[in-house]
1. Going through A:E354, A:E358 one at a time, which residue ends up being outside the structural domain of A:I67 (by TED's automatic domain parsing), surrounded by fewer than 14 Cβ atoms within 10 Å (Cβ to Cβ) and in a helix (DSSP H, G or I)?
2. Pairs under 6 Å by beta carbon, first residue touching a residue at least 40 places away in the same chain (Cβ under 8 Å) in the range A:453-469, partner surrounded by fewer than 21 Cβ atoms within 10 Å (Cβ to Cβ) and in a helix (DSSP H, G or I), six or more apart or different chains?
3. Is it the case, given these coordinates, that A:F38 is more than 15 Å from the chain's Cα centre (by Cα) and outside the structural domain of A:S189 (by TED's automatic domain parsing)?
4. For residues in the range A:290-316 being part of a helix (DSSP H, G or I) and of a type outside the set (A, V, I, L, M, F, W, C), which is nearest to A:E34 (Cα to Cα)?
5. Could you tell me which numbered condition A:N322 fails, if it satisfies all but one of (1) out of contact with any Cys (no Cβ under 9 Å at 6 or more places or on another chain); (2) over 27 Å from A:D168 (Cα atoms); (3) more than 12 Å from RNA strand B (Cβ to nearest atom); (4) polar (S, T, N, Q)?
6. Pick from A:I163, A:I154: which is within 11 Å of RNA strand B (Cβ to nearest atom), modelled with pLDDT of 95 or more and either more than 18 Å from A:L114 (Cα to Cα) or not polar (S, T, N, Q) (or both)?
7. Scan the range A:158-210 residue by residue and report those that are touching a Ser or Thr at 6+ places or on another chain (Cβ under 9 Å), among the β-branched types (V, I, T) and outside any helix (DSSP H, G or I).
8. Could you list, in sequence order, all residues of the range A:184-208 that are surrounded by fewer than 22 Cβ atoms within 10 Å (Cβ to Cβ) and in contact with a Phe, Trp or Tyr (Cβ under 6 Å, 6 or more places away or on another chain)?
Amino acid sequence: MEKIRTRFAPSPTGYMHLGNLRSALFEYLIAKKENGTFILRIEDTDQKRIVDDAVKFITDTLSLCDIHVDEGPMQGGEYGPYYQSERLDIYQKYAKQLVDMGKAYYCFCDEERLEELREEASLRKVAFLYDGHCRNLSKEEILEKLANHTPYVIRQAMPKDGITSYDDLVYGHIAVENALLEDQILIKSDGYPTYNFANVIDDHLMNITHVVRGNEYLSSTPKYLLLYQAFNWTSPEYIHLPHIVKEGGKKLSKREGDASFMDLYNDGYLPNAIINYLALLGWSPINNQEIFTMQELIENFDYHRINNSPAIYDVKKLQWINGQYIKKLSLDEVYKLVMPFLENTYDLSNKSKEWVRELIRIYQNHLSYGREIVELVSLFFQDEIIISDEAVEFMKQDGISHTLEVFKNQIENITWTVENINQAILNTKEESGAKGKLLYMPIRIKTTGQMHGPELPEALFLLGKDAVLKRLS
RNA sequence: GGUCUAUUGGUCAAGUGGUUAAGACGUCACCCUCUCAAGGUGGAAUCACGGGUUCAACUCCCGUAUAGACUACCA
């Protein structure tokens, strides 16, 4: 069997939304499942949209996610170059070839004429299709215009009748009438190829066996197929992916503030967890497994089980998965994950590393993403404590001041360790007779101001002896 | 407007003619517990609608509704 080759072909716009990443993931998994090759190709044929460093951004994201590119701009390969902007002569050559074969033609129609056509079409409430005006220009006319440097595009001469169909590996049989397809532009007037054209040429030349992409191309794939037919090339298999949308069914978009991979990453989500979540959007394993390493994904992935309906991005489930990953991290790893957020928010200059590690340790199980630490630990960085109404009410009960007095005496002379604090609490229980809620809550409220928080001995330890004694008096 | 596609609980989803319609997130209750998490147990909640086909339809067919995509010298 032919070895599978898939490709991720983003345009370098400097932004990687979750749908893009998921496409890359599935492309990678489909290839790796069969020991195939995963290719990165940069589709930079729109000069207006190029963003500096966007390619670095894309490759950084992929490697952060453990998606390894076999062939691409950074690592090269025998089918390069992998920037479309460096393949211009290739597209020109193939476009000319099509012209010579009589399957494409020069079109000199300008914006104005096209605009008129469009207006007329919208007036008549019909779909606008280029009318093929230049399709039958005589050789002399063409030569003359070319000699005069009249701007031109190259359009494909599409068949006027018949049906073009294919079998998508996810969506099944798709058929579209050729009459609905216009004579598509292959080469733009700036000499650059259109996406459609470059895409087909490169997929063919790079030997792509499975084209995996978003389903916005589902209904335009016949246009691509017609190009393969014109060249007499065999077309690849198609796997169209359902979209990832936000609540309400709208597309995820940067402009509307929807989270991109980098946004999540910067909030302390783990790339592994993001990938894990994304894998479960539009795909499901044969069993009920939820947590996957990349290796397990590769082994278990099966494109036959890709869903064909759109999935709504749900940050709650992502948080759960991310939390599962955080629980499995070593303390050093959580420390690394969370430290930047702490440093940026709180003054840690007079805290020991041990103190910070202890702080992080007791909150490891509470975290669903890194940035969450900031809010969770705020109680240890406040000079003033504010006692809630509920807590004030609780403190009105009998015997509480006595309990607090006993506890204060208990800790006055101990060495400040979690264990000793715990013993002091137990001694207080013995001596005062208070137990359960009436034992713990008063101390908790008096020292932290809150009725919630981590285990009391640990909380007190982190607060420090001086602060605790001060708040008790 | 035309074309293509989709529709199982709030969300992700399993399911391919006969099932008590899995599982997960979320939610609620209970257990654990000083509290909050974590963990455990349990509950509520789903086949868009209408016609067919069939002994039998979530599953097949046709409509309708709703949603999305495409309809660029953007990718």
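The values are calculated or read from the model by the stated rules, or taken from the named source; none is laboratory data. Given the structure is predicted, the values throughout are model-derived calculations rather than measurements. Glycine also receives a Cβ, built like all others from the backbone with ideal geometry; neighbour counts cover every protein chain displayed.
1. Unique residue meeting the criteria: A:E354.
2. Hits for this filter: A:P454/A:I362; A:E458/A:I362; A:E458/A:V418; A:F461/A:V418; A:L462/A:F380.
3. So A:F38 fits the description; yes.
4. Going through the qualifying residues, I end up with A:E299.
5. All conditions pass for A:N322, except number (3).
6. Only one candidate qualifies: A:I154.
7. Passing the criteria: A:T164, A:I174, A:V176, A:I185, A:I187, A:T194, A:I208, A:T209.
8. Matches in the range A:184-208: A:H204, A:M206.
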